[in-house]
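Input: a single structure, listed below in structure tokens.
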Amino acid sequence: TFVRLRNQETGFASDGLVVVRATNYRPGTRQEQAAALSQFHERVLERVRAVPGVVAAGGTNVLPYTRTTADRTRAQLLIRGTAAEDTRLQLPLSGADVSPGYLETMGIRLLSGRPIDARDTTDSPMVVLVSEKAAKTLWPDRDPIGQQVYWGADSPSPNNPYCTVVGVVSNVRHLAGERDDGLEFYYPYTQYPITNIYYVVRTSGDAAALIPSVREAVQSIDRNAAIVFAKTFDHLIDETLWQR
């Protein structure tokens with residue numbers, strides 16, 4: 001059982017990944033915070049990508065095999081359609097605010113549409129990428145690209161509006177032994193502020209050997225940024241399995 005859990009298909013490639021957990025803060029409104037923090041995170045990622053042996057890097061506030069995804073929330077979704085089609089659903093969900101390049105760094109495949117990229121800014125329309133499971137569950141008889149969805153307990157508002165689906169990506173398992181009925185949403189971190197972030201770094205060699213260099217690259221941008229930990233992704237996976 002343990003070997004099977006360790007060898008489960010996760011939906012991403014953990015080999016060669018380093019994860020740095022860090023925190024930072026900027027004051028202001030949601031838009032002001034999102035703009036300031038995403039600019040800071042991009043400076044960090046540019047510095048990390050310049051480290052010899054680093055192939056790619058991205059950032060997210062929710063990462064598989066960590067406490068941020070220990071339990072998927074059974075959250076309320078509102079699917080926009082005609083008056084007769086508007087539907088509220090309660091489903092097991094996981095949502096993440098991610099940087100351009102995060103999904104590619106993780107090895108999460110783009111199946112249709114476009115990735116999150118530079119066109120997604122604080123001032124641009126709100127968008128979202130959904131997992132293949134989410135697309136088939138929410139729009140079984142139509143193309144999910146261009147559809148609109150709202151995640152929240154209340155009604156849509158300027159701070160939490162309907163988001164337009166611009167891409168569909170492969171499914172991800174968030175914990176060993178997890179059922180495969182969960183849905184994933186990915187939002188641009190340029191549109192939502194991330195104060196607690198995981199910098200995910202893909203390396204071309206020994207991931208563990210690059211941890212000091214990656215850690216130093218993160219701190220070189222802001223010595224006041226608090227680094228919670230820096231470890232390989234395989235280490236994160238093993239931490240969820242040691243009791244078993």
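The values are calculated or read from the model by the stated rules, or taken from the named source; none is laboratory data. Please read these numbers as outputs of a predicted model, since none were measured by experiment. For neighbour counting, all protein chains shown are included, and Cβ atoms are generated from backbone atoms with ideal geometry for every residue, glycine included. The accessibility values were calculated without ligands, DNA or RNA, using every heavy atom of the protein model including side chains. Shrake-Rupley method; radii C 1.70, N 1.55, O 1.52, S 1.80 Å.
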Margin query: Given a 10 angstrom Cα cut-off, can you work out which residue in Thr203, Thr23, Thr105 is the most mobile in a GNM of the chain?
Written below: Thr23
Next item on the list: Please list, in chain and number order, the residues 5+ apart from Val98 or on another chain whose amide H is under 5 Å from its amide H, with Hs placed from the backbone.
Entry: Tyr187, Tyr189
Next item on the list: May I ask you to list the residues of segment 151-176 whose amide nitrogen lies under 15 Å from a point 7 Å from Cα along the Cα→beta-carbon direction of Thr137?
Entry: 151-152, 169-175
Next item on the list: Distance from a point 7 Å along Cα→Cβ of Asp234 to each backbone N in segment 12-45: keep the residues under 20 Å and list them by number.
Entry: 12-21
Notebook entry, point to check: Within the chain, what percent of beta bridges assigned by DSSP are antiparallel, to the nearest 5?
Noted result: 80
Next item on the list: Could you check how much of the accessible area of segment 108-172 is carbon and sulfur, as a whole percent, using a 1.4 Å probe?
Entry: 50
Next item on the list: Quick one: among Phe40, Phe185, Phe229, which has the greatest mean-square fluctuation in a GNM of the chain with alpha-carbon springs under 10 angstrom?
Entry: Phe229
Item checked: Taking only Cα atoms of the chain, radius of gyration then Dmax in Å -> 17.9, 57
Check: For the chain, list the DSSP H helices whose alpha carbon atoms reach 15 Å or more along the long axis and whose average Kyte-Doolittle value is -0.5 or above?
Finding: 211-221
Check: Taking the alpha-carbon centroid of each part, what is the distance from segment 1-72 to segment 89-115 in angstrom?
Finding: 12
Margin query: Given the DSSP H assignment, sum -39500 (n - 2.57) over each helix run of at least 4 residues in the chain and divide by its residue total; what's the result at 222 nm in deg cm²/dmol, nearest 500?
Written below: -6500 deg cm²/dmol
Margin query: Give the residue list of trypsin sites (Lys or Arg not before Pro) in segment 145-210 that are DSSP loop and have at most 16 other beta-carbon atoms within 10 angstrom.
Written below: Arg179
Notebook entry, point to check: Counting only the backbone N, which residues of segment 194-213 are under 12 Å from the spot 7 Å out from the Cα of Ile227 toward its beta-carbon?
Noted result: 199, 210-213
Check: Between Glu216 and Leu111, how many nm apart are label points set 7 Å from Cα along the C-beta direction?
Finding: 4.3
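Arrange the residues Arg4, Arg43, Arg30, Arg80 by how much accessible surface each exposes, largest first, with a 1.4 angstrom probe.
Arg4, Arg43, Arg80, Arg30
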Margin query: What FRET efficiency comes out for Arg244 versus Arg119 if R0 is 41 angstrom and r is the Cβ-Cβ distance? Round to the nearest 0.05.
Written below: 0.40
Item checked: Of Tyr25, Tyr199, Tyr65, the one that fluctuates the most in a GNM where the chain has Cα springs shorter than 10 Å -> Tyr25
